[in-house]
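Asks: One structure is given below, represented as structure tokens, and several questions about it will come after.
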Amino acid sequence: MRRQGHVNLRQWVKFLLRRDTTFSGEFTAMVRLAGADCPRSFVDVGANDGFYGSNSYPFAVRGWRCVLVEPHPEAFTRLQQRHRGRSNVSCHALACGAVAGRMRLWTGENRDTTHATLAPEARAAEGRPWGVEAVEVEVVRLDRLLRSAGIPERFGILSIDTEGWDLEVLRGLDLAVWRPRLIITEDMEPGLAEKCALLSAHGYERRLRIDANSLWTTGP
């Protein structure tokens, strides 16, 4: 496994050249699919350190209103430091799920926060290891968090990267009320079929897949 610090150097070079920190050009795809009239608001659940492979960082530096959610204490500290002084960004040391409470968050191998998850069985299903270390974190419903953060019901982009927990995040957001213009999720088991069915039932159509990420849109 490459050390995250080494990859971050490559990420900085990529950002300086293209102002893009996404892994595989998701930034360009999100801008195109969301449209020129997209509300300039971005919600990132599973924001990690806010830069490494980040879907939200290119939007944050362009002045979009960003709500960044990251439960892992070490990753959250880096996230908060990265966006210190940006009035358009708020950082929340929380996890999101269908039911509020407290849960154990498992780190990735070698305490890799990029693969921290509330659903370690998801990594096991893919034959990928996870660390034995866990921290207890607070879990909230995403709709309640957005309400408290002052995000309007029709906002711009929702990015969810929670290593197999995406379905539970969506179950904590009433999609009959909250209508992000674009949703980007990671395609991982368990619950992939249920997640797709949930989005489709609320009028979202999968428009593009980039690596393990699916991009969903609906009409304004």
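Asks: Take the alpha-carbon centre of segment 37-94, take the same for segment 174-205, and report the distance between them in whole Å.
Replies: 21
Asks: Here is a further query. In what order do SER200, SER54 fall by count of nearby beta-carbon atoms within 10 Å, going from fewest to most?
Replies: Least crowded to most crowded, the residues run SER200, SER54.
Asks: Which helices of the chain meet both criteria: a Cα extent of 18 Å or more along the helical axis and a mean Kyte-Doolittle score no lower than -0.5, with helices taken as whole DSSP H segments?
Replies: 4-18
Asks: Let me ask something else. Strictly greater than 22 Å: what percent of every Cα pair in segment 4-217 meets that?
Replies: Counting every Cα pair in segment 4-217, those more than 22 Å apart make up 46 percent.
Asks: Here's another thing I want to ask about it. So what's the net charge close to SER214: Lys and Arg +1, Asp and Glu -1, counting the other residues with Cβ under 12 Å from its Cβ?
Replies: Overall, the nearby charge balance is -3.
Asks: Of all DSSP beta bridges in the chain, what percent run antiparallel (nearest 5)?
Replies: 50
FYI, it's all coordinate maths here, none of it is from the lab. A quick note: this is a predicted structure, and the numbers were derived from the prediction, not measured. Reconstructed Cβ throughout: ideal geometry from the backbone, glycine too, with neighbour counts over all protein chains shown.
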